[in-house]
Structures are given as structure tokens and as C-alpha cells.
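Take a look at the following structure, please.
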Amino acid sequence: MSHVSSKGLYYTIFASLCVLTVVTVAIARVDLGAMNTPIALAVAVTKAMLVILFFMGVKYNTPLTKVVAASGFVWLIILFGVTMGDYLTRGWLGVPGR
Amino acid sequence: MSAPNVHSDAHQAPHPKLQHHFHNMAQQLEASILGMWVFLVTEVMFFGGMFMAYLLYRTMYPDAWLAGSNELNEVLGGVNTLVLIVSSLTMALAVRAAQVGARMAQIANLILTIIFGSIFLIVKYFEYAAKFEHHLVPGAHFDPARDPAQQLYFSLYFMLTGIHALHMIVGIVLLFIMLRMAWKHQFNADYFTPMEVTGLYWHFVDIVWIFLFPLLYLIGKHH
């Protein structure tokens, strides 16, 4: 009736999450300039995807559930994009009070 | 011209857990999973507002963010990250045990998940206590020698981790309810919806921490 993942898959995902946690701690100690945070976020997104697809089983859910799950992150990107687009460009006009 | 018992032999008896507005158990489970995801999307946006504030103020006060972050205990944060990952594994195994109707495995994995979730909160208690001792809590007693902008960092630290911890407490309450249901033989291959939905919630709370750990604890480590 519904998909049952093997225990082996769960152990593999668990091990991957542990390795990626060590990776994120290790990379944080290296000075990569402006790239530190984007790389840390890339690792975090990878970990989140592993949890969502396998632990939460979205990989085996219906297309409708997949779209709904993805929509949250789409709206999040709109929130970040539009807000930062506002704040980061406010200085461009040079008008007092803007 | 009567037609008695017209339904009696045409259909199997419905599953006792099947609510009348669903066609079958599979549709009922699918609807619950979809509904839970709609709720989780609202949770993403709820935490998203705080992450938005983090991003904006970090852009405005980058030095305060680095100095604030370096006051956090990276080891405790890292240990808690691993503790939550273990708890997500045991949660996934508990849901799987419900899917295959293995009652003892459900009970064992639920208890382990409760234990790891509690360890996380206990570690968080010691971290918070240290912040109070070091005058890092925003407000009248914030260390006056520090840049006041660091209060923004610590405000967001307490808000994000505090609301995350609140979600953990709610999750542990849900786990106890699942434990009671598992104990009473409520879950089997045909019906495990509450366990599945509780699992989705618990994994979501883990995902929030996966982002909080690098963004709060690790941003100043290369300086």
C-alpha cells in the first residue's frame, strides 16, 4: 500500500548526514572569504534534501505532495530575493530619504 | 421488489480506521501526508521570517555576527547536531516498524527518539545558562563592553533556537502519544498514519537545526 524503505537505506542516509556534518565543521575552519557561507549552505541544503527525500519519504510520495513540499522553499526564495533586492539597492539612487 | 443486503457481499467490510469521506486506506494516508506537508510549508515560512531577519541584519552588521557567533559553543552545537541526526534515524526506523507492524521495534525506536530529543534539550539548557552567565542575553544586563549590534545577533539566536526548542518539546509530547498508541497495538501495515505524520514533523524540526547549526555556530570559525 505504501513504500517501505529498507533499513540499509536509512543507515546509509544517517552515515551520509554524519559525514556532511563533519564536512561542514571542517570547511568552516578554512578561510574561503565570501564563499564560506554559500558552501556551508550548500552542505546544509544537501543534508536537508537527504532528510526530505528519504527519511520523510517524499521521493516515494505522489507528485502533488512533491509540488507542495517544494513550494515552501520556492516561497522562501521569493521572500529572501525580493527583500534583499530592496535593501541592497536602496543606496543606488542617492536620494535623501530614498 | 426489494433488494435486501445489496451491499453485503459486494464489498469487504471497511477498515475500522477508514473515515467515511475517504474511498480507501491508501487515499486516506495520502491525504494526511499532503495535509501535513501543507502545514510544514507554513512552518517553513514561519521560520523563514526569522531567517530573513538573520540575513538582513547579518548583511548590515557582519562584524557583530562574527563576534556573536564566536561566543557560541561549537562543540555542544556539533554534538546536538549529531544527536538530532540520530533521533531522525530512530524516528524513521519507528515509522518503518509501524509500516511492517513490528510493535517492539516501534516502541524501542520511539523511546530512543524521545531520549535523543531530551538530550538535545538538556544540552540546550546548559548553553542558555552559559549565555546568561556571560551577559550575552539582550537587554539591560547585556555586556556593556560589547558592540550593541551584537544584541541583534543574540536576539535572533535566542528566538531561532528557542522556537526550535519549543518545536522539540511539542515533538516529544507527540512521541509520547505515539508510544501510547504503539503500546496499544494501534499501528499495522494498513494503518500507521499518526506515526507517519509525527515522523514528518520530527524530521522537519531536524532540518531547521541543520540550517541553524552552520549559520549560528560556525560563521566566525575561520577568523
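Read the figures in this text as sums done on the coordinates, not as results from a lab. Only a predicted model underlies this, so the values are computations on that prediction, with no experimental measurement involved. Counting neighbours? That spans all protein chains shown, and the Cβs are built from the backbone with ideal geometry, glycine included.
For the range B:91-223, what value does the Rg/Rh ratio take when both radii are computed over Cα atoms and Rh is the Kirkwood radius, given to two decimals?
Radius of gyration relative to Kirkwood radius: 1.13.
On the first, second and third principal axes, largest extent first, how far apart are the outermost C-alpha atoms of chain B in Å?
That works out to 92, 35, 31 Å along the principal axes.
Once both axes come from the Cα atoms, what is the angle between helix A:36-50 and the longest principal axis of chain A, in degrees from 0 to 90, rounded to 10?
Long axis of A:36-50 versus the principal axis of chain A: about 30 degrees.
Please report, ordered by residue number, every helix of chain B (full DSSP H runs) that is 15 Å or longer along its axis going by C-alpha atoms and whose mean Kyte-Doolittle hydropathy reaches 0.0. Mind showing how you got there, number by number?
Values: long enough: B:25-60 (52 Å, 1.07); B:74-99 (37 Å, 1.34); B:103-133 (45 Å, 1.04); B:150-183 (48 Å, 1.44); B:193-212 (29 Å, 1.00).
Span-like helices here: B:25-60, B:74-99, B:103-133, B:150-183, B:193-212.
Tell me the trypsin sites (Lys or Arg not before Pro) within the range A:4-74 that lie in a loop according to DSSP and have at most 15 other beta-carbon atoms within 10 Å. All intermediate terms of the calculation are to be shown ahead of the outcome.
Working: sites: A:7, A:29, A:47, A:59, A:66; in loops: A:29.
Counting only loop positions with at most 15 other Cβ atoms within 10 Å, the trypsin sites (Lys or Arg not before Pro) in the range A:4-74 are A:29.
Give the whole-number value, in cubic angstrom per residue, of the convex hull volume spanned by the C-alpha atoms of chain A. Provide the component values of the computation, followed by the final result.
Values: hull volume 11.2 nm³, N = 98.
Taking the convex hull of the Cα positions in chain A, it is 115 Å³ per residue.
Rg and Dmax of the protein assembly as shown, using alpha carbons, in Å: what are they?
Considering the protein assembly as shown through its Cα atoms, Rg and Dmax are 23.0, 94 Å.
Taking K and R as +1 and D and E as -1, what net charge do the other residues with C-beta under 11 Å from the C-beta of residue A:65 add up to?
+1
Computed from the mean reciprocal separation of all distinct C-alpha pairs, what Kirkwood hydrodynamic radius does the range B:1-125 have, in Å?
Across the range B:1-125, the inverse of the average 1/r is 19.6 Å.
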